[in-house]
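Have a look at the structure below, then the notes.
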Amino acid sequence: MASIQLAESSEQIARCFPVMHQLRPKLAAQEFVERIEQQRREGYRLAFLEHDGAVAALAGFRVMSVLWSGRTLYVDDLVTDEAMRSSGFGEQMIVWLVSRARAENCETFSLDSGTQRQQAHAFYFRQGLRITDFHFQMQL
């Protein structure tokens, strides 16, 4: 049975790197724990789903209040290990995140997804998420 927990120790965070690296290939292993710990000081939380002793999926998220949608649980990062996809782990993580959002009195649950991630978008649609906005960005 898979279990989901928050990565709170440096060791737990480091165990998440190989799966996070699949989503964020520009990340360097030697700076990963430090970067996550910095983000944790800013409200970021890293949850991981463990199956048979391995990290199968993870989600980085934060709870925040914004004028246009109220209190929201925003997912920064969501990925299932490539070798374990189509095993229901991504769905388990979404269900856990939505439950967490409700427990934290959020009005919305949201995430952004790169325009090139069509398979992820199909998954999000199956989970009941809908496209409501466009996200614009400028490199500085």
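Quick one: Ala120 ticks every box in (1) part of a helix (DSSP H, G or I); (2) modelled with pLDDT of 80 or more; (3) within 14 Å of the chain's Cα centre (by Cα) bar one, so which box is it?
Condition (2) is where Ala120 drops out.
Residues checked against (1) farther than 19 Å from Ala120 by Cβ; (2) among the aliphatic types (A, V, I, L, M):
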position	(1), (2)
Ser3	yes, no
Ser9	yes, no
Glu42	yes, no
Ser65	yes, no
Trp68	yes, no
Asp77	no, no
Gly88	no, no
Met93	no, yes
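Asp77 versus (1) without any contact (Cβ under 8 Å) to a residue 12 or more places away in the chain; (2) touching a helix residue (DSSP H, G or I) at 6+ places or on another chain (Cβ under 7 Å); (3) of a type outside the set (Val, Ile, Thr): which is the lone unmet condition?
If we test Asp77 against (1) without any contact (Cβ under 8 Å) to a residue 12 or more places away in the chain; (2) touching a helix residue (DSSP H, G or I) at 6+ places or on another chain (Cβ under 7 Å); (3) of a type outside the set (Val, Ile, Thr), just (1) comes out false.
Here is a list: Gly88, Gly128, Gly70, Gly60. Which entry is closer than 24 Å to Phe32 by Cβ and among the small types (Gly, Ala, Ser)?
Testing whether each residue is closer than 24 Å to Phe32 by Cβ and among the small types (Gly, Ala, Ser) leaves just Gly60.
Take the residues in the stretch 84-136 that are β-branched (Val, Ile, Thr) and surrounded by 10 or more Cβ atoms within 10 Å (Cβ to Cβ), then tell me which one is nearest to Met64 (Cα to Cα).
Among those residues, the one meeting the criterion is Thr108.
Could you give every pair whose Cβ atoms fall below 9 Å, whose first residue belongs to the stretch 100-125 and is at positive phi, and whose second residue is among the charged types (D, E, K, R), counting only separations of at least 6 or pairs across chains?
The qualifying pairs are Asn105/Arg71.
Pick from the stretch 44-63 the residues that are more than 12 Å from the chain's Cα centre (by Cα) and small (Gly, Ala, Ser): which of them is nearest to Phe125 (Cα to Cα)?
Among them, the one singled out is Ala56.
In the stretch 19-35, is there at least one residue being crowded, with 19+ Cβ neighbours inside 10 Å, assigned to a strand (DSSP E or B) and within 15 Å of the chain's Cα centre (by Cα)?
no
What tally of residues in the stretch 55-66 results from selecting those that are exposed (fewer than 15 other Cβ atoms within 10 Å of the Cβ) and modelled with pLDDT of 95 or more?
Within the stretch 55-66, residues that are exposed (fewer than 15 other Cβ atoms within 10 Å of the Cβ) and modelled with pLDDT of 95 or more number 2.
The values are calculated or read from the model by the stated rules, or taken from the named source; none is laboratory data. Quick caveat: nothing in here was measured; it's all calculated off a predicted structure. Quick reminder, even Gly has a Cβ in these numbers, built from the backbone with ideal geometry, and neighbours come from all protein chains shown.
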